[in-house]
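Please read the structure below before turning to the comments.
The values are calculated or read from the model by the stated rules, or taken from the named source; none is laboratory data. Just so it is clear, the structure is predicted and the values come from calculations on it, not from any experiment. Cβ sites come from the backbone with ideal geometry, for glycine too, and all protein chains shown count toward neighbours.
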Amino acid sequence: MRVAKWIDACGTDEIEVEDVLRFDHDGRTYALYRSPDDRFYATDGLCTHEQVHLADGLVMDNIIECPKHNGRFDYTTGQARGAPVCISLKTYPIRIDNGRVLIDVGTE
Amino acid sequence: MKRNDYPALPQLFVWLALLVVSGIGAYLTLGTPWCVPFFFIYGILYGSCSDSRWHEFGHGTAFRTRWINDAAFQLAAFMVFREPAIWRWSHARHHTDTLIVGRDPEVLAKRPPSFRALLLNFFALQSTATAIARLISHAFARLHEEEKQFVPQIEHARVFRTARIWLLIYALVAAYSIHIHSMLPWMFIGLPTLYGAWLQFYFGITQHTGLAEDTLDHRLNSRTIYMNPIFRFVYLNMNYHTEHHMYPMVPYYKLPELHRELRHDMPTPYRSTLAAYREIIPALLRQRRDPSYFVRRNLPSAFKPGTTAAGTATPQAGSVI
């Protein structure tokens, strides 16, 4: 059973629309996204291809492009969308509370 | 930090338009000496421009619209005779392990260099012979051992399918050529990969040849060379090769700007391709006798991270995109 663990990651205004921000917590790294329609999402922070920080990548619509090999993921679902990535990203629940972005990093 | 389809889209049209115009010119002037310059230009547009375009569209950085990237990538890959799925993965490895011995599959002159191979590849002869053998092999659902190292299993079916499509296209060209009792169709499809390859090879050899192996610092294993606008059109600004390796997400049309941002932290760029060759040819000759030799690039010693020539600066992440 999954146990929720909500962590205050950043303010909503710290992520620009159609952009990504790195968030590190408890030895793990995450990527937080703000989509063009002003929704927030979170995934694992490292590309599944060669462990590069996705926060250094480029957000286009609902796609995050890895800065190293240009592999692509749909950050709203985590799905791998373009070579050289084949393995999808893990996604995390997000909640907005009083102008803060909260990420659920809970464990199984 | 945004990407759009402009200015790559007009440049794509210019390339394709020049290809069509030079092809029509070659056809209309057949049997006259005028067909030679037309085929010369057509060959460069087909066999050399396609190399830089295959590369750029393979990165997927030129256009925001994905399908334009993908369509242009498939077309350019066919022209330069590089199977798209194989080379996409090969190139990913090249960016991960640039000039790492035993890992980088795209080294043009392994030490000690073979001048026979280099001369043959000036017209893509050896590389195309290998590519044809591999294409046939892929059409029969077989991958080379080296390819198995960097092409994941999930992509194999795509490799085999594309190989069969390409073979079908070449079979149609061959059938038409036999039907009209002429080699002419091959002059427009297939052979330009060879007779037009020389310029992309001339550029390509400057990227890493003679530089340090087994280093992760791209300033030491890649060259940035100043080129004239025609060369940069053919080569899609890949003369800024150090910058490209450091920031592969930056589209080709932003590389000059990126170069201006970074140049104070970079080795001195080469003033021309000839200046680069004045270093490369002696290095290759020496590596024939001494494979451990390489060219050591000098890095700016006084530079401190976070400063520019004008003073302290805070880098704006991705501001050149």
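Things to note:
- Some residue of the stretch B:261-271 being away from every other protein chain (no Cβ under 14 Å), under 20 Å from the mean Cα position of the chain (by Cα) and over 30 Å from B:ASN4 (Cβ atoms): yes
For (1) more than 26 Å from B:SER50 (Cβ to Cβ); (2) of a type in the set (Val, Ile, Thr); (3) modelled with pLDDT under 95, each residue gets a yes or a no:
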site	(1), (2), (3)
B:LEU236	no, no, no
B:MET246	no, no, no
B:ARG260	yes, no, no
B:GLU279	yes, no, no
B:LYS304	yes, no, yes
B:GLN316	yes, no, yes
B:ILE321	no, yes, yes
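- Members of the stretch A:55-100 found to be of a type in the set (A, V, I, L, M) and more than 24 Å from B:PRO84 (Cβ to Cβ), listed by number: A:ALA55, A:VAL59, A:LEU89, A:ILE94, A:ILE96
- Among (1) of a type in the set (A, V, I, L, M, F, W, C); (2) closer than 30 Å to B:VAL295 by Cβ; (3) surrounded by 18 or more Cβ atoms within 10 Å (Cβ to Cβ); (4) modelled with pLDDT of 95 or more - the single one B:ALA163 does not satisfy: (2)
- Top-ranked residue of the stretch B:47-66 - restricted to ones that are hydroxyl-bearing (Ser, Thr, Tyr) and farther than 17 Å from A:CYS66 by Cα, ranked as nearest to the chain's Cα centre (by Cα): B:SER52
- Residue match in the stretch B:67-81 (condition: part of a loop (DSSP other than H, G, I, E, B) and within 30 Å of A:CYS66 (Cα to Cα)): yes
- Positions within the stretch B:197-231 being outside any loop (DSSP other than H, G, I, E, B) and more than 22 Å from B:ASP265 (Cβ to Cβ), in sequence order: B:TRP198, B:LEU199, B:GLN200, B:PHE201, B:TYR202, B:PHE203, B:GLY204, B:PRO229, B:ILE230, B:PHE231
- The stretch A:46-58: number of residues that are out of contact with any Leu (no Cβ under 8 Å at 6 or more places or on another chain) and more than 8 Å from chain B (Cβ to nearest Cβ): 1
- Single match in B:ALA92, B:ALA129, B:ALA139, B:ALA133 (criterion: farther than 26 Å from B:VAL295 by Cα and in contact with a Phe, Trp or Tyr (Cβ under 9 Å, 6 or more places away or on another chain)): B:ALA139
- Taken over the stretch B:78-90, the criterion of being among the aliphatic types (A, V, I, L, M) and more than 13 Å from chain A (Cβ to nearest Cβ) is satisfied by B:MET79, B:VAL80.
- Residue identified as at pLDDT 95 or above, surrounded by 20 or more Cβ atoms within 10 Å (Cβ to Cβ) and in contact with a His (Cβ under 8 Å, 6 or more places away or on another chain) among A:GLY45, A:GLY71: A:GLY45
- When the stretch B:64-76 is filtered for residues that are free of Cβ contacts under 8 Å to residues at least 60 places away in the same chain and either more than 11 Å from chain A (Cβ to nearest Cβ) or crowded, with 17+ Cβ neighbours inside 10 Å (or both), the ones remaining, listed by number, are B:TRP67, B:ASN69, B:ALA71, B:PHE73, B:GLN74, B:LEU75, B:ALA76.
- Members of the stretch A:13-30 found to be away from chain B (no Cβ under 14 Å) and more than 16 Å from A:GLY99 (Cα to Cα), listed by number: A:PHE23, A:ASP24, A:HIS25, A:ASP26, A:GLY27, A:ARG28, A:THR29, A:TYR30
- Top-ranked residue in the stretch A:59-76 [being touching a Phe, Trp or Tyr at 6+ places or on another chain (Cβ under 9 Å) and free of Cβ contacts under 8 Å to residues at least 24 places away in the same chain; ranked as nearest to the other protein chains (Cβ to nearest Cβ)]: A:PRO67
- Within the span defined as the stretch B:38-54, one or more residues are over 24 Å from B:SER127 (Cα atoms) and modelled with pLDDT of 95 or more.
- Flag for B:ILE44 being surrounded by fewer than 21 Cβ atoms within 10 Å (Cβ to Cβ), over 16 Å from B:HIS138 (Cβ atoms) and over 10 Å from the mean Cα position of the chain (by Cα): no
- Residue in the stretch B:34-49 that is within 14 Å of chain A (Cβ to nearest Cβ) and of a type in the set (A, V, I, L, M, F, W, C) present: no
- For the stretch A:31-45, a residue qualifies if it is within 13 Å of chain B (Cβ to nearest Cβ) and among the basic types (Lys, Arg), and exactly one does: A:ARG34.
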